[in-house]
Structures are given as C-alpha cells and as structure tokens.
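Structure record follows, encoded as structure tokens.
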Amino acid sequence: MDTLNLLVDGLQSALTLENLAYASIGVILGTFVGVLPGIGPAMAVALLLPVTFGLEPTQSMIMFAGIYYGGMYGGSTTSILLNTPGESASVMTAIEGNKMAKRGRAAQALATAAIGSFIAGTIGTLLVAFFTPSIAEQAVKIGAPSYFAIMLLAMVLVSSVLGASRLRGFIGLFLGLTIGLIGLDLSTAQPRLTAGSLELADGIDIVVVAVGVFAVGEALWTAAHLRRRPVDVIPVGRPFMGRGDWGRSWKPWLRGTALGFPFGAVPAGGAETPTFLSYVTERKLAGRDSEFGEGAIEGVAGPEAANNASAAGMFVPLLALGLPVTATAAVLLAAMQSYGIIPGPTLMADQPELVWTLLASLLIGNTLLLVINLPLAPLWARLLRIPRPQLYAGILFFAALGAYSVNQDPFDMAVLLVFGALGFAIRRFGIPVLPLILGVILGPLMEVKMREALDLSGGEVSGLFNEGLALFVYALVVLAIVVPIVLGRRAAPERVLEQEEVDR
Amino acid sequence: MSDATAPELEPDVGPERRVDRSQFVLAAFLAAVGLYTIIDARGLNVGFGDPVGPRVFPYLIGTGMLVLAVLLAIATARGDVAEEEAGEDIDLTTPPDWVTVGKLAGIFVLALLLVNLLGWAITGALFFAGSAWALGSRTLVRDLIVGAVLSVASWYFFYVGLGVQLTPGILDGIL
C-alpha cells in the first residue's frame, strides 16, 4: 500500500487551489491548441513550452499533464467533426466517429470519446503509479552497458516497427543523432559540428528542434498544399449519451484500455497498433448486422479508450527509464531537461515528490478534462472554422515567439527556420518524426553511457557486452531487425487484405 | 530493405515506373551530412587515458548516414516513392505551391533580421499579418490589428507573467 500512500501524498500536494488553477489552464490551453486543425498533442506541448518558463518545475509539470490530456482530447474532437484525422492515433476514431456525426449523432460520439478517454486515462495512470516504482527500483541497478543496449533497442524498435518504411525510419533516426552531436563534447569540451559558430557550441535547444520540426515544418508543408475548399464542419450540441449508448460503450472502453496500456508502455508500441486492434476487435464482436460502417458507437469508444490508455502507458518507460517512446513523451522529456531534471532510472529516487505530483496531476487533469470539455464542446467545434491563413500565421507567430523568447536571440529564430525546412523535407519524403526526435534526445545520453562502459573496460568493445541483461537486450535488438524483415517478406499480401477490410 | 518490394504492392498509375528524382537529392544531402560528420570528427583530439574519445560516436553516426544514403539511392532507382504526409488541411492532389512557401520563408527571414531593431511587439504584428497575407488572406487591416493584439499581449504576458522582458526595440519606454 506504499504506492497508494505516495499517490495520496501526491494528490494532496497537487490539490492546492493554485495547482488546480494551473491544471485547469493546462487542460483548456491543451484542448484549445489540440482542437485546432493541423496541431497534434506533440506540437501542442512543444508550442506551449515557453508558457511555463517562469513556473516551478512541479507547477509546470502539472500544467503539462493538463496540456497533454487536453491535446489528446482535442485531437479526437477534430477527427470526429472533420473527416480528416490530424494524427495517426485518431485515424480509427475518425472512421466511425465521423459517420456518427454525419448521421446527427456527433454529440454521442464526442461523449463516448470523452468519457472513454477519462476512464482509460484514469485506469492507465493508476497502472503507471503501480508499475513504475518497481520498474524504477530495478532500473537503478542497470549498468551502463545494459542501459546503452536498452536505448539502442528503443531506437531500433521506433525506427523499424512504426511507419511504412524501415529505411525512412532509420534516416529519421540518424538525422536526429546527427543533430544531437552538435555542440561541445561532454567530456573533452571540444566543439563538434558547429562550423566554428559560438552560438551552436551550447548545442541546439531541443525545444527549438521540436517547434521547428512540428510547428514550422507543418505550417510550411500545409502552405505548399493548402486545401482551398472550405472544410465541412458538422455542428454539435452539448455531448450526451442515452442509456443504450452507455450500455454499448462500457465494454469497448475497458477492452480498449486493456489493449492500449501495454502497447503504450513498450517502445514503439505507439497508439496506432492498439487503436487498430481495438477497432477490429469491436467490429468482430459486433457481428455482421452491426452498425459498423454506418457509425457504430463501439467503433469510437474502443479506439478512443485504447488511444488514451496507451498515452498513459508511455509514462512507464518515461518515468522509470527516462526513455520517451512517443513524440509527445520526447517533448515532455525535453521540458524536464530544461528544468535540470535528469531523466533516467534515478528520477524516481531523486525527485519522488515531482513524479508523484505529476502522476496525481494526470489524474486531476483527466477529471478536469471531462468536467470542462463536455460543456465546452460546441465552442471547440467552432474553432474548426477558423480561417486557415490566420490559423497557420498564428502557429508561425507562436513558434517564432517560442524560439525567440528562449535567449532573445534572432539566431534561434534562424535555427528554427532551418528546422522548419527540415520538417518540411521529412514530410515531403515520408520520413517519420518520432525517430528523429528520439535521436536528438537519446543520442547524447547514449554516447555518455557508451563511453562510460568502454572507459571501464579500457576501450575493449567487450565492455559493452559484459552484463547478462545487455546480452538479452541485444538479442531483442537482433530480433527486432530480423523478424519484421522475415514477416514483411511473407505477409505482404495479407497486409493488403487487412487494409481492404478497413476500407470496406 | 523491404522497400524494394513496395512497387509491386502498389502499381503506379503510369505504364512506366515513376522515379522520384528529388529523392536522389535527399540521398546526396544525407551523404554530404554523413561525410561532414566524419570529417569534422577527424579534427577532434583524443586525450591521454581516454580510451574512447569524442570521435567514435560521430564516426558511427556518419558511417550509418552514408550507408543509408546509398540504400536510399538504390531504393529510389528501383522505383521507391515517398509517401507524402497527409493532414486535415492538406490537399496532396495539387502540385506544391512554392510561391507561398517562398513568401513565408522570406517573411520569416525579414522578421528575424528586424526583431532586435523594431522590437518584438512591432515585428510580431508585422510577422503575423505578413504570414496571413502570404497564405492568402486579403483582410490586411484586420490581420494587422489581430497581429498587434497578439504581439503586445504576448510581450506583456512574458514581462508581467514570466518576468522576461522581450526586446522592446523602438518602443522602448512606451511599452
């Protein structure tokens, strides 16, 4: 019951009036930004980073918890009311959700999404609170060789499993690793890849990278391909559900949660796979005469719960190992780093108060989300009509403000534009963002662990392999590379069939 | 890599395989980055008693980048086509609108050159209105007003709320 006590302590410190206010501001800002078309949760968090500059670490974490869940919820609102999901995690929600909305059941679709998100998020956060401490306890004992191996595994999984093309995944990863090299070498203080520039010697602020790649890249990419026709927004009243909708929703919520959490907690699980599995499961369980294809509420409830449960699950590797497994987690990690908090296995031991307050605020943020957003849904829906030139001009404005406010140096804006160009290029060439961001964040950490391990062994490569756990993880790395290739060769025709099933 | 099999799964519309030429440019860029990383690392000194030194990691990354560049070039030559990113406001059926992108980039550069001179409040307002104009808005006066409200409000938010004074520029003493 130790965990429970700690969580209650966390709740107590999070439940001051001031902190509740920060959580509410976070939820509202997060939803506001998340609803805006073209802005996903990762971009929402990245754009809102500067807002928390003047706050204490605890308060800013509380605000981030709100922004995080708010941004997630905002994304699902967009995909239900417009038939064009902004991020891959909402694709499955959009299939049935938008059909429900077109049949005049937008209110029920939004309600089942919101309540399902709340339930999945709450269960997920509780699971995080119960799992993380024991994992972190083990994680402290992990030596440099094994830690290096685990980071390698996360990178390989994220690059090779997610996305359509392994080659592009690795290109993204290596671009990120190269960006991570820029700056002074940590142990000898020699500049690397700075081209003699003093400004680059400090390294590139991860916030500038994230905002550049997410926000500026997205704005430029959209500018090149802006849809000139006005979009079709379905009007919505206050979300509510009838008795029948509750009856049909609660099982998919729980099944979605069960599917989503484990996928969120392992590297490269992401939200795409569990939302897809949840959709397929609900569809199979509903049988042939179901409403699937015409707007079945189960098809919104399940994937939405899976999405949020996996969003909670990602906190397990983030808090216990310092490993971000989604783009949003990577940005959150960057936020922690900017407060001098060292992510990694020692986080739980060094900053217990911060971690427990964060977990408690996730619970609070989740509850506030439900309380604030159900009544506000019609207002959020109106945001979807915001004229696109002003919307993207606003995104560029806040991106520039965020970069400029870090050091008040126009040089940072120039760097931002360069990363905007990179963000444009990776969208053009279909290179996934997550491996890139992961490379920027984990690359330097990985080098530290590698050199630590090799220093101990006097430069012998065997120093990387002298722990049992490391060997085990390397075996997983090999599997992660080999298995998809073998399966890809054999199952390529099946994947096409699967795709057809979804389209049907 | 599995990409070699991709064209068989998705037959192209045309009778001939379309080769995505700009992917060769990307491959060349990646190769250049990889090469530069390696050359840059050669100039680093390894201290005594440092068995690893600052060179090894860049060497690994640079080499990996070169390998990826070659793989990408091969895949492209075999007909690998990039899957462009879709989105809520994105219409991939039209050719890219380089004029708009160029205008936006130009306005961005102008803003970063002017920001220390004019200050955030003025630059921000012009930047917002300019970007909206580049993106096709024709309500210039309204955009200027919205931009001014945003930039002045953000200036005061940072000053009062966060204790950070953004550059006041020529409005020094007025704000």
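The values are calculated or read from the model by the stated rules, or taken from the named source; none is laboratory data. Because the structure is a prediction, the values reported are computed rather than measured. No Cβ is skipped: glycine too gets one built from the backbone with ideal geometry, and neighbour counts run over all protein chains shown. Just so you know, the surface numbers come from the protein's heavy atoms only, side chains and all, with ligands and any DNA or RNA stripped out. Shrake-Rupley method; radii C 1.70, N 1.55, O 1.52, S 1.80 Å.
Just a few scattered comments:
- To the nearest ten degrees, helix A:166-181 and the longest principal axis of the Cα atoms of chain A are 50 degrees apart.
- log10 of Debye I(q)/I(0), alpha-carbon scatterers only, for segment A:72-156 at 0.24 Å⁻¹: -1.04
- Sulfur and carbon atoms: percent of accessible area, segment A:252-341 [1.4 Å]: 61 percent
- For segment A:151-269: accessible area per residue (Å², 1.4 Å): 39 Å²
- Based on DSSP H segments of at least four residues, each scored -39500 (n - 2.57), chain B has a per-residue ellipticity at 222 nm of -19000 deg cm²/dmol.
- Within the full protein context, the accessible area of A:MET314 is estimated at about 0 Å² for a probe radius of 1.4 Å.
- Heavy-atom accessible surface of segment A:1-69: percent carbon and sulfur, 1.4 Å: 67 percent
- Computed on protein heavy atoms with a 1.4 Å probe, the accessible areas place A:LEU11, A:LEU416 in the order A:LEU11, A:LEU416, largest first.
- If R0 equals 30 Å, the separation of the Cβ atoms of A:PHE240 and A:ARG288 corresponds to a calculated FRET efficiency of about 0.55.
- Separation between Cα centres of segment A:111-166 and segment A:408-433, rounded to whole Å: 28 Å
- All-pairs Cα distance distribution in segment A:280-345, expressed in whole percent, bin size 10 Å: 20, 32, 19, 18, 10, 1
- Building the convex hull from the alpha-carbon atoms of chain B and averaging its projection over directions returns 17.6 nm².
- For segment A:303-402, fraction of C-alpha pairs farther apart than 16 Å, in %: 70 percent
- Segment A:146-202 - Debye-derived log10 I(q)/I(0), Cα point model, q = 0.14, 0.16, 0.25 Å⁻¹: -0.52, -0.64, -0.91
- Surface calculation, 1.4 Å probe, protein heavy atoms: B:VAL56 sits at approximately 50 Å² accessible.
- Where segment A:365-411 is the region considered: accessible area per residue in Å², 1.4 Å probe: 33 Å²
- Segment A:139-281 shape via C-alpha gyration tensor axes, a/c threshold 1.5: oblate
- Overall form of the protein assembly as shown per C-alpha gyration tensor (a/c, 1.5; a/b vs b/c): rounded
- Most to least accessible of B:ASP172, A:ASP205 (protein chains only, probe 1.4 Å): B:ASP172, A:ASP205
- Its Cα gyration tensor gives segment A:28-178 an equivalent ellipsoid; the semi-axes, largest first and in whole Å, are 31, 22, 17.
- Interface burial in segment B:146-169, defined as at least 40 Å² less accessible area with all protein chains than with the chain alone at a 1.4 Å probe, covers B:LEU150, B:PHE158, B:LEU162, B:LEU166.
- Charge tally around A:LEU186: other residues with Cβ under 13 Å, Lys/Arg +1 each, Asp/Glu -1 each, net -3.
- Classified by the C-alpha gyration tensor, segment A:111-160 has an oblate form. Its axis ratio a/c, with a ≥ b ≥ c, is 1.5 or above, and a/b does not exceed b/c.
- Convex hull (Cα only) mean projected area of segment B:65-110, reported in nm² to one decimal: 5.4 nm²
- Cα centroid separation, segment B:75-112 to segment A:92-109 (Å): 31 Å
- Chain A - mean residue ellipticity at 222 nm from DSSP helices (-39,500 (n - 2.57) per run, n ≥ 4, rounded to 500): -24500 deg cm²/dmol
- A:ILE481 accessible area, assembled protein chains, probe 1.4 Å, Å²: 70 Å²
- Nearest 10 degrees, 0 to 90: helix B:22-42 Cα axis against chain B principal axis: 90 degrees
- Distant-in-sequence amide H partners of A:LEU184 (H built 1.01 Å from N, under 5 Å): A:ARG192, A:GLY203
- Residues A:ARG243, A:ARG427, A:ARG382, A:ARG490, sorted by accessible area with the largest first, give A:ARG243, A:ARG490, A:ARG382, A:ARG427 [1.4 Å probe; ligands and nucleic acids excluded].
- The modelled label-to-label distance for the pair B:ILE145/A:VAL486, using points 7 Å beyond Cα in the direction of Cβ, is 6.8 nm.
- Residues of segment B:123-139 buried by at least 30 Å² of accessible area upon assembly of all protein chains, compared with the chain on its own (1.4 Å probe): B:PHE127, B:PHE128, B:LEU135.
- In this structure, B:LEU175 and A:LEU55 have a Cβ-Cβ separation that, at R0 = 22 Å, corresponds to a calculated FRET efficiency of about 0.40.
- Net charge contributed by nearby residues that have their C-beta within less than 10 Å of B:PRO96 (K/R +1, D/E -1): -1
- Distance histogram for segment A:26-73 (every C-alpha pair counted, 5 angstrom bins, percent rounded to whole numbers): 6, 28, 35, 19, 9, 3, 0
- Principal semi-axes in Å for segment B:108-175 [√(5λ), Cα gyration tensor, largest first]: 22, 13, 9
- In the B-A interface, the accessible area buried, summed over both sides, Å² (probe 1.4 Å): 7100 Å²
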